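Peer 1: Structure below; questions to follow.
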Amino acid sequence: MPSLKEFRNRIASVKSTQKITKAMQMVAAAKLKRAQSQAEAARPYAERMSRVIANLAAAVQGDDAPALLRGAGKDQVHLLVVMTSERGLCGGFNTQIVRAARERIDELLSAGKTVKILAVGKKGRDQLRRLHGDKIVTFIDLSGFRNIGADASNLVRSAVLDLYEQGEFDVATLFFSRFQSVISQTPTALQLIPARAPEGVTPPDLKGAIYEYEPNEAEILEALLPQYLNGQILQALLENQAGFYGAQMSAMDNATRNAGDLIRKLTLRYNRQRQANITKELIEIISGAEAL
Amino acid sequence: MADKLSFALVSPERELFNGEVDQVVVPGSEGEFGVLPNHSPVMSVIRPGALKVLSDGAERRIFVNGGFADVTPEGLTVLAEEAIDLADIDAAQIEQELKNASEDLRDANSDAKREAAQRAVARLESIRAALAR
């Protein structure tokens, strides 16, 4: 049985851990509010952009379409853009995303495809490095950004486009977590290149009218596609950030509760031990007095 | 006018406007054009400039920094790279920022910095031009 002093020390250490997790939970809750409203504010853009792309993709087809829309005409080399957080202490948030990516990697590899990975965020890179370290071609560190915004998404987009222009891959897929609520984030895969009209989005009914393009279809697409990529990447980053804070908040909430349980158990054992000690001492005194 | 045009203005960060209006004047790359209800379908690139929203006799001017306008039978959608309500902009502050950006441009010692400064100057100049009118 540990001594009373050891019990006291352990209780004190669990208490200070609890204080830290409690503080982290509150910080995450405050940041979550902001990140969540940011992610939700960005949704209309991504949504409308998808509709416009669906529109144009229906109008421009065949060999005239730019490479970003048409693709390279093959799907041998796949690039997986895996977006995770820069920091940990967020429960299974990163593991979920990495697992989804890993499943896709295994699937592609067994189909005889080549896989390359672009890791965004330190945690995902570290987890992927163990099994697929040789496939990581680029790593983007976003820890320098205090706010995720256009700068961050530009950085990711230009990295993807550079690789594309060098002919490094044929198909790019984005892995991130879609924020649904504080306790639920769904890992999502989204095909970036070739740009594809999302399912369920249909071009509007033109009622027989003819679409006009100013200046012309090709030029619009040329300008629109990078914007489209930007929008999708930004949206993914924002969803991820909101999801991260949500996951961190619930992880820290759990940790705080666990620490509370632990403190209760330790205190009970401490008191029991203390009473046992007193009883023992009393018995010693009494039996000593009786012996006289 | 009985008919109303459903109009949405979104930038990557947020949705600035979504509702029914009478008319919108869009700064297209080939020149400004007005969009009334039941306009024929058009898709156009936008140059940086002021977008005018007319609704119930009131005019609202919003600065858009490039983007796309999409007119469908359902309405007009403007996807702007950046959008700021001109009512929220202070002319003196823009002048000051423009001066700072021009100084940055002069002091720029690398290509990347020069490019960034040039972009900032161009952006501020088009905001100023939109304000002046």
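The values are calculated or read from the model by the stated rules, or taken from the named source; none is laboratory data. Here the structure is a predicted model, which means the values were calculated and not measured. Using ideal geometry, Cβ is built from the backbone for each residue, glycine included, and neighbour counts are taken over all protein chains shown. The area values use the complete protein model at the heavy-atom level, side chains included, leaving out ligands, DNA and RNA. Shrake-Rupley method; radii C 1.70, N 1.55, O 1.52, S 1.80 Å.
Peer 1: Hey, among A:Gln36, A:Gln61, which residue is farther than 30 Å from A:Ile278 by Cα and modelled with pLDDT of 90 or more?
Peer 2: From the options A:Gln36, A:Gln61, the qualifying one is A:Gln36.
Peer 1: Name the strands (runs of 3 or more DSSP E) wholly within the range B:1-95 that hold at least 1 residues that are in contact with an Asp or Glu (Cβ under 7 Å, 6 or more places away or on another chain), crowded, with 22+ Cβ neighbours inside 10 Å and within 9 Å of chain A (Cβ to nearest Cβ)?
Peer 2: B:42-46, B:67-72, B:75-80
Peer 1: OK, next. Go through the range A:166-202 and give me each residue that's under 17 Å from A:Glu40 (Cα atoms) and modelled with pLDDT under 85.
Peer 2: A:Ile183, the sole residue that qualifies.
Peer 1: Condition first: more than 7 Å from chain B (Cβ to nearest Cβ) and closer than 17 Å to A:Asn240 by Cβ. Now tell me which residues in the range A:37-55 satisfy that.
Peer 2: Residues satisfying the conditions are A:Ser37, A:Gln38, A:Ala39, A:Glu40, A:Arg43, A:Ala46.
Peer 1: Picking from A:Asp151, A:Asp162, which residue would you name as being open to solvent by 20 Å² or more (accessible area, probe 1.4 Å), over 16 Å from the mean Cα position of the chain (by Cα) and within 14 Å of chain B (Cβ to nearest Cβ)?
Peer 2: None of the other options fit; the residue is A:Asp151.
Peer 1: Spot the failing condition for A:Glu47; the list is (1) modelled with pLDDT of 90 or more; (2) open to solvent by 20 Å² or more (accessible area, probe 1.4 Å), and only one is missed.
Peer 2: Here A:Glu47 meets the rest and fails (1).
Peer 1: Follow-up. For A:Ile136, indicate whether it is crowded, with 17+ Cβ neighbours inside 10 Å, among the β-branched types (Val, Ile, Thr) and without any contact (Cβ under 8 Å) to a residue 24 or more places away in the chain.
Peer 2: yes
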